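Report on the following structure.
The values are calculated or read from the model by the stated rules, or taken from the named source; none is laboratory data. As the structure is a computational prediction, the values presented were derived from the model and not from experiment. Methodologically, a virtual Cβ is constructed for each residue, glycine included, from the backbone with ideal geometry; neighbour enumeration extends over all protein chains shown.
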Amino acid sequence: MDRPRQHCGRALLLILPWLGLAGAAPVYRCHGDGQPPVFSQYPCETTPGEGARIQPVQPAQTVQIPALSAAERARLQSLEQQRAALRGERARARAKAARLAQRQRQERAERCRQAKAAQAALARQRRKGYGLDQARELDRQEAALDAELRESCRG
């Protein structure tokens with residue numbers, strides 16, 4: 001994102017909360033004689049010596065939502081069961097992947113231990129002494145062990 005857009009975005013984030021406050025209007029609670037309170041965005045109308053006069057308001061428009069049919073309830077229940085089964089499958093898959101990863105870590109640790117033991121044996125062999133005909137074989141073994149150590153003993 002380029003610099004002007006970043007600054008514009010930051011400025012917008014700072015201005016947005018104030019825009020909401022500018023549109024906020026107070027709510028007035030008007031009481032009438034023996035009637036329930038009425039809430040309005042306009043101040044209560046009163047005349048000196050009288051209580052608040054309640055202005056009649058139009059009833060709010062409401063929407064009636066029909067109850068779920070048996071087929072709809074069954075469909076929702078079926079979807080919830082499918083969702084639960086999927087959740088269970090995912091949990092089993094994660095557990096299986098975790099077991100596999102653990103087994104791979106253990107196998108790699110075992111290969112590392114074996115490679116270190118072989119490297120120590122090779123070092124003992126070299127200290128003990130060897131003939132010229134064995135030199136190439138020992139060098140090849142050492143190179144293979146170094147590669148195995150890099151692979152199995154990493155991090």
Residue tally, condition part of a helix (DSSP H, G or I) and surrounded by 12 or more Cβ atoms within 10 Å (Cβ to Cβ), over region 144-155: 7
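Look through 114, 141, 104 and report the one residue that is more than 30 Å from residue 37 (Cα to Cα), surrounded by 10 or more Cβ atoms within 10 Å (Cβ to Cβ) and either out of contact with any helix residue (DSSP H, G or I) (no Cβ under 9 Å at 6 or more places or on another chain) or at pLDDT below 90 (or both). If you could, list the steps in order and put the result at the bottom.
Values: 114 fails: either out of contact with any helix residue (DSSP H, G or I) (no Cβ under 9 Å at 6 or more places or on another chain) or at pLDDT below 90 (or both); 141 fails: either out of contact with any helix residue (DSSP H, G or I) (no Cβ under 9 Å at 6 or more places or on another chain) or at pLDDT below 90 (or both).
So the residue among 114, 141, 104 that is more than 30 Å from residue 37 (Cα to Cα), surrounded by 10 or more Cβ atoms within 10 Å (Cβ to Cβ) and either out of contact with any helix residue (DSSP H, G or I) (no Cβ under 9 Å at 6 or more places or on another chain) or at pLDDT below 90 (or both) is 104.
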Residue within region 64-73 that is in a helix (DSSP H, G or I), surrounded by 10 or more Cβ atoms within 10 Å (Cβ to Cβ) and at pLDDT 90 or above present: yes
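Are any residues in region 128-148 within 56 Å of the chain's Cα centre (by Cα) and hydrophobic (A, V, I, L, M, F, W, C), and if so, which ones?
First, pick out the residues of region 128-148 that are within 56 Å of the chain's Cα centre (by Cα): 136-148.
Across region 128-148, the qualifying residues are 138, 143, 144, 145, 147.
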Test result for residue 136, loosely packed, with under 10 Cβ neighbours inside 10 Å and at pLDDT below 95: yes
